[in-house]
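Every read-out reported here was derived from the displayed coordinates using simple, explicitly stated rules and does not represent laboratory data. Remember, it's a predicted structure, so these values are computed and weren't measured experimentally. Neighbour counts are summed over all protein chains in view; Cβ atoms, including those assigned to glycine, are modelled from backbone coordinates with ideal geometry.
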Amino acid sequence: MNISVFEVTGPVMVGPSSSHTAGAARLARVARGITASPFSHVSFGLHGSFAKTYKGHGTDCALVAGALGLREDDERLAYALAIAEERGMTYDFYETELDGMHENSVKITFMLSDGGKSVVIGSSTGGAQIVIRQIDGFDVEFTAQSPTLLIRQQDQKGIISEVTKALADNDLNIGIMRVSRRAKGDDAFCLIETDNAISREVVEQIRAIPRVVMVRAIQIDSGER
């Protein structure tokens, strides 16, 4: 049996719960990195256990902390609501049903400064581990444990091959790649997990590919480029 030290000791975090606190903070922090645009308000749609116990387990503070960019082991997590007020970030919580989702799931909606919005749905699966399930209506599945490229592009022949060529030219090996689309010829979403860190130069090279709409690089530490 292979058991990691992480599974035995648990994550470094501010409590009380690895699922409801540390996982929630990490989930919102990764969602912030995915959004990577200025925002002023965040709306948290709480599903399942999150909806029932979020105040008692500090999930509200944890989610707001993550949206502020605070790590799950940051001692300021308990004061996140006050910090949000100081920084002018408003927020709200509501109960919702997310069909087929883990009981510790949340729909995070960032109201962007340009008038648009970004929506990320994810789950806290235990031990501060997370899974991102949906980004702006596209079904995805990634845990933010490996460097990950998020690419939105027009659904046209040849774009994916140009993306993979850019990675090969920069000696980046693809671990996992998933592509989803709403309809043939419409926008598509490509998620690529790599074995090594993704440089800013690679991001810019892919961004320059015709008909690529958006590129984000989520590093292991949930940063973005």
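What do you get for GluC sites (Glu not before Pro) in the stretch 45-115 restricted to DSSP loop and a cutoff of at most 16 other Cβ within 10 Å of the site's Cβ?
On the way: sites: Glu72, Glu75, Glu85, Glu86, Glu95, Glu97, Glu103; in loops: Glu72, Glu97, Glu103.
Sites meeting the loop and neighbour criteria: Glu97, Glu103.
Semi-axes, largest first, in whole Å: what does sqrt of 5 times each Cα gyration tensor eigenvalue give for the stretch 148-218? Display every interim value, and only then the final one.
On the way: eigenvalues 73, 30, 22 Å².
Gyration-tensor ellipsoid for the stretch 148-218: 19, 12, 10 Å.
Would you report the distance distribution of C-alpha pairs in the chain as whole percents per 5 angstrom bin, up to the bin with the largest distance?
1, 7, 15, 18, 19, 16, 11, 8, 4, 1, 0
Once the piece of chain linking Ala183 and Leu112 is laid out straight, how much longer is it, given 0.36 nm per residue of separation minus the C-alpha distance between them?
Working: separation 71, 0.36 × 71 = 25.56 nm, distance 2.61 nm.
Value of the extension gain: 23.0 nm.
So, how do all the Cα-to-Cα distances of the stretch 12-136 break down into 10 Å bins, in percent, from 0 on up?
Going from the shortest bin to the longest, the percentages are 15, 52, 30, 2.
Give the dimensionless ratio obtained when the Cα radius of gyration of the stretch 53-125 is divided by 2.2 N^0.38 Å. Don't jump to the answer; show the numbers that get you there.
Details: Rg = 12.9 Å, N = 73, 2.2 N^0.38 = 11.2 Å.
Relative to the 2.2 N^0.38 Å estimate, the stretch 53-125 comes out at 1.14.
Any chance you could give the angle, 0 to 90 degrees and rounded to 10, that helix 59-68 forms with the longest Cα principal axis of the chain?
On a 0 to 90 degree scale, this one is about 40.
For the chain, what is the number of Lys pairs with C-alpha distance below 17 angstrom, counting only pairs 8 or more positions apart or on separate chains? Don't skip to the end; give the middle numbers.
Values: Lys52/Lys107; Lys55/Lys107; Lys107/Lys117; Lys157/Lys165; Lys157/Lys184.
So the count of such lysine pairs works out to 5.
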